[in-house]
1. Considering only residues that are more than 9 Å from the ligand (Cβ to nearest atom) and closer than 19 Å to residue 220 by Cβ, which ones fall in segment 240-255?
2. Which condition breaks for residue 258 when tested against (1) surrounded by fewer than 22 Cβ atoms within 10 Å (Cβ to Cβ); (2) within 21 Å of the chain's Cα centre (by Cα); (3) within 16 Å of the ligand (Cβ to nearest atom)?
3. Find all pairs meeting these conditions: Cβ atoms under 6 angstrom apart; at least six residues apart or on different chains; first residue within segment 188-216 and within 19 Å of residue 97 (Cβ to Cβ) and at pLDDT 95 or above; second residue within 16 Å of the ligand (Cβ to nearest atom) and part of a helix (DSSP H, G or I).
4. Can you find a residue that is surrounded by 15 or more Cβ atoms within 10 Å (Cβ to Cβ), in contact with a helix residue (DSSP H, G or I) (Cβ under 6 Å, 6 or more places away or on another chain), at pLDDT 95 or above and not in a helix (DSSP H, G or I) anywhere in segment 136-153?
5. Can you tell me how many residues in segment 191-217 are under 13 Å from residue 246 (Cβ atoms) and within 13 Å of the ligand (Cβ to nearest atom)?
6. Hey, could you check segment 274-289 for residues that are surrounded by 15 or more Cβ atoms within 10 Å (Cβ to Cβ) and within 15 Å of residue 213 (Cβ to Cβ) and say which is nearest to the chain's Cα centre (by Cα)?
7. Quick check, is residue 263 within 15 Å of the ligand (Cβ to nearest atom), within 19 Å of residue 75 (Cβ to Cβ), touching a residue at least 12 places away in the same chain (Cβ under 8 Å) and surrounded by 13 or more Cβ atoms within 10 Å (Cβ to Cβ)?
8. Just to be sure, is residue 169 over 18 Å from the mean Cα position of the chain (by Cα) and over 26 Å from residue 87 (Cβ atoms)?
Ligand code: SF4
C-alpha cells in the first residue's frame, strides 16, 4: 500500500458517519422545521435537568463537599469504632429464637424494658414449641408492658407455629425464610441474621439509625427500607452489622433525639446536622436535623 494511503476507520462515536450521511444524502437531511423542534426539545431537556433535584449525595455541593465521599464514610466508621469498640445487640438472649422474640417485642419499646420482660417469659415458656402451643391471648399479660401487646402476642405465637411447622423448630437463617414469619420485617430479620447467625444481609434501620444517618447526611430518606437501600452501597458489607450496632449505641449514648451531646462526639468535625448543639464546622444550607 502506498505511503500515506491508509484506509479510513469508522469513528468510535459514529458521529462522523452520521454527519457524512446527513450531508451526502438529501433524503436523510432534516427539514428546517424538524431541526428547530429538535433544538427546542433539547433546550427543554436541559432546563428540566437544571431544575431537577440532585439524587441524594450524588452531587457535590458548590463548595465541593460530598457527604458520601469514601474518605468521609471511612472516618465516620473509624469514629464509631473508637466510640463503641464492643458494640453488640443490647437485647438479652441465649438462642436465635429468644433473640427473635426479644426483637419483635422491642418494636416501639426500649431494650431495657424488653430485657425486664424476657427472662420471666423464657422461664415460663422455655421452648419454641411452648410458644407454638399458646393462644395469643394467653401471652398478652406476659408482654403487656412492652406495648402493642395484642399484635406482638399474635406475631410471637404465629412465628413460633411457623418455625415449628415449617422449619423443624429452628429459626431459619436466610432473609427470605425469616421474612415469611408473621411479624418479621427486614429490621428484625437483619438483627437475627447479623447478631446470631453472623450474616451481613442488610443494615438494621431503627429509629436511631434513621435519625443519625440523616444527621450525618448518609441519606435524605425517612422510610427505613429506602434508608437501608442508601446505606448498603456506602458501608462496606462486612461492616453492616457492626455499623448498625454502633449507630444504635450512638443514638442511645450521645446522638440522642433531643439535644445531642455534640461536644463529646468523635464525629463532630464530620457532622453538619442542622440541630447540633455545639459545632466547630459550618452548618451548610442542606444540612438535615
Ligand atoms: S456531632 Fe452531634 S448531631 Fe452530629 S453525630 Fe455527633 S452527637 Fe450526633
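1. The answer is 243, 247.
2. All conditions are met except number (2).
3. Matching pairs, first to second residue: 204/244.
4. No, every residue in segment 136-153 fails to be surrounded by 15 or more Cβ atoms within 10 Å (Cβ to Cβ), in contact with a helix residue (DSSP H, G or I) (Cβ under 6 Å, 6 or more places away or on another chain), at pLDDT 95 or above and not in a helix (DSSP H, G or I).
5. Qualifying residue count, segment 191-217: 5.
6. My answer is 288.
7. No, not satisfied.
8. Numbers: over 18 Å from the mean Cα position of the chain (by Cα): yes; over 26 Å from residue 87 (Cβ atoms): yes.
When the stated conditions are applied, residue 169 passes them.
The values are calculated or read from the model by the stated rules, or taken from the named source; none is laboratory data. These figures come from a predicted structure and were not determined experimentally. FYI the Cβ positions are ideal-geometry reconstructions off the backbone, even for glycines, and counts take in every protein chain you see.
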